[in-house]
Amino acid sequence: MKNSIKSLPDNNGYFGKYGGQIIPPELKVIFDEIALAYEQAKNDPVFIAEYEDLLKNYVGRPSPLYHAKNLTKKLKGAQIYLKREDLNHTGAHKINHTLGEALLAKRMGKTKLLAETGAGQHGVALATAATLVGLDCEIHMGEIDVLKQHPNVVRMQLLGAKVVTVKSGGRCLKDAVDSAFGAFLEDPKNIFFGIGSIVGPHPFPMMVRYFQSIVGRETRSQILEQARILPNYLIACVGGGSNAIGLFHEFLDDDEVKMMIGVEPSGRSFKPGDHAATLTLGTPGSLHGMFTYLLQNEDGEPLPVHSIASGLDYPGVGPIHADLKDSGRVHYESISDKEALEAFLSLSKVEGIIPALESSHALAQAIKLAPKLGQDKIIIVNLSGRGDKDVDYVASLLDV
């Protein structure tokens with residue numbers, strides 16, 4: 001079972017019963033071209049060498065694995081380690097796959113990179129990658145997130161990207177995806193849709209997983225060097241799910257890793273529109289070209305969602321996570337806005353590290369779990385982004 005989980009998807013892009021290409025026939029041709037180009041590129045030593053050189057000398061990889069001794073001491077339980085993706089160039093894990101997407105787009109002769117963003121980290125990373133390889137860039141962002149994440153809007157504009165403010169629907173991540181898909185349909189031959197997570201039609205869930213798996217490979221090597229054993233628990237936040245699968249994928253076959261936990265936002269409450277706990281309360285359905293778990297009404301329409309973290313307010317989830325939930329290999333929990341904010345403040349004051357609000361959900365889960373475990377146990381949290389982008393918003397919440 002474990003080997004089949006790691007080897008998915010099948011030739012049609014399905015992870016178990018989730019994924020696929022639920023798109024018009026004319027778009028299937030475009031996405032099949034991307035799939036072929038991706039398979040050729042990842043087997044091309046020249047492409048991989050350029051990508052790995054950029055990861056090392058541009059992004060700054062490997063990112064450190066930090067033993068959070070102060071936090072561990074405070075909680076009096078399991079040893080907590082942080083995979084410091086927040087130290088990457090542009091401030092999050094997103095740069096890992098946007099560089100791959102940008103290099104692939106250039107290889108295919110595309111002229112423009114297009115994407116959605118919620119927290120803005122994917123938008124900043126894609127704009128950065130576009131500038132590096134010499135492509136135009138357009139980022140669609142919900143109006144609510146534009147206001148919450150204004151520093152990232154400025155960064156994207158400074159990098160030369162066109163930022164489109166989406167004022168339709170709930171004005172958040174789902175609506176930004178809808179808007180970006182619409183723009184992509186206008187010129188799919190010349191535009192490369194740099195999807196920001198392991199969501200969307202095949203091959204994007206598979207492709208983004210491949211580029212993000214560097215996180216788990218590094219983590220395995222680093223924890224074996226530092227602790228001489230594999231971790232007992234892995235924890236990461238889940239919106240679409242790219243940072244989580246980046247950490248989890250390398251460890252799926254390891255029985256020593258007792259539990260992998262994906263953490264969703266329970267927001268203000270579990271009332272419709274107050275949360276984005278897709279795997280907790282969702283049901284299978286179709287969204288953005290894939291079949292996956294979805295927060296939906298009885299007509300199959302996506303429900304409004306909310307999270308304190310802009311990067312998590314999405315009514316769907318990557319099909320890989322849907323399959324991992326059904327298989328039981330990964331467990332999914334939820335953390336409220338209040339708990340995430342408390343974890344944000346705690347890490348800042350105890351370790352001198354200001355985390356992204358998205359990552360704070362994973363951190364809050366670790367804070368709840370660690371005191372229940374012995375000091376010989378190890379928890380690794382993917383600190384997927386830094387909190388620079390959230391400082392002004394948190395200050396407004398705290399009335400600072």
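Any read-out appearing in this document is the output of simple, stated calculations on the displayed coordinates, not a laboratory observation. All figures in this text were calculated on a predicted structure; none of them were measured in a lab. We place every Cβ from the backbone using ideal geometry, glycine too, and count neighbours over all the protein chains shown.
Table for the structure above
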item	result
Burial ordering of LYS174, LYS73, LYS112, fewest other beta-carbon atoms within 10 Å first	LYS73, LYS112, LYS174
³J(HN,Hα), Karplus 6.51/-1.76/1.60, whole Hz, each residue of the stretch 103-117, x for Gly, Pro	5, 5, 4, 5, 4, 7, x, 6, 10, 8, 9, 10, 6, 9, 8
Cα gyration tensor of the stretch 40-100 - equivalent ellipsoid semi-axes, whole Å, descending	32, 11, 9
The stretch 242-400: Lys pairs at Cα distance under 22 angstrom, eight or more positions apart or on different chains	13
Gap separating the Cα centres of the stretch 295-314 and the stretch 329-400, nearest whole Å	22
Rg over Rh [alpha-carbon atoms, Kirkwood Rh] for the stretch 238-320	1.01
Reference-scaled alpha-carbon Rg (2.2 N^0.38 Å with N residues) for the stretch 287-400	1.22
Exposure proxy order (Cβ contacts within 10 Å, fewest to most) of VAL133, VAL317	VAL133, VAL317
Estimated Rh, the stretch 202-352: Kirkwood, alpha-carbon pairs, angstrom	16.2
Cβ-placed point charges (K, R +1; D, E -1), dipole of the stretch 187-263 about Cα centre in debye, nearest 20	160
Rh by Kirkwood over Cα pairs, then Stokes-Einstein D for the stretch 1-109 at 0.692 mPa s and 37 °C, µm²/s	191
Within the stretch 251-373: Cβ-based charge dipole about Cα centre, in debye rounded to nearest 20 (Lys, Arg +1; Asp, Glu -1)	400
Label point 7 Å beyond Cα of ASN57 along Cβ direction - residues of the stretch 210-228 with amide nitrogen under 13 Å	none
Size-normalised alpha-carbon gyration radius of the stretch 1-61, reference 2.2 N^0.38 Å	1.47
10 Å binning of all Cα-Cα separations within the stretch 268-312, expressed as whole percents from 0 upward	29, 57, 14
C-alpha center-to-center spacing [the stretch 140-157, the stretch 55-124] in angstrom	19
Coarse-grained scattering of the stretch 39-190 at q = 0.10, 0.13, 0.16 Å⁻¹, given as base-10 log I(q)/I(0) from a Debye sum over alpha-carbon atoms	-0.43, -0.67, -0.91
Charge dipole (debye, nearest 20) of the chain; +1 at Cβ of Lys and Arg, -1 at Cβ of Asp and Glu	1080
Projected area, mean over directions - the chain, Cα convex hull, nm²	17.8
Helix-only mean residue ellipticity at 222 nm for the chain, each DSSP H run of n ≥ 4 adding -39500 (n - 2.57), per residue, nearest 500	-13000 deg cm²/dmol
Reachable lysines, given that their alpha-carbon falls under 23 Å from the alpha-carbon of LYS28 and they are not under 8 places away in the same chain	LYS17, LYS42, LYS106, LYS110, LYS112, LYS174, LYS189
Exposed-site-free run, longest, the chain (rule: GluC sites (Glu not before Pro); DSSP loop; at most 10 other C-beta within 10 Å)	1-255
Convex hull volume per residue in cubic angstrom - Cα atoms of the stretch 81-139	67
For PHE31, PHE211, PHE15, order by how many other beta-carbon atoms lie within 10 Å, fewest first	PHE31, PHE211, PHE15
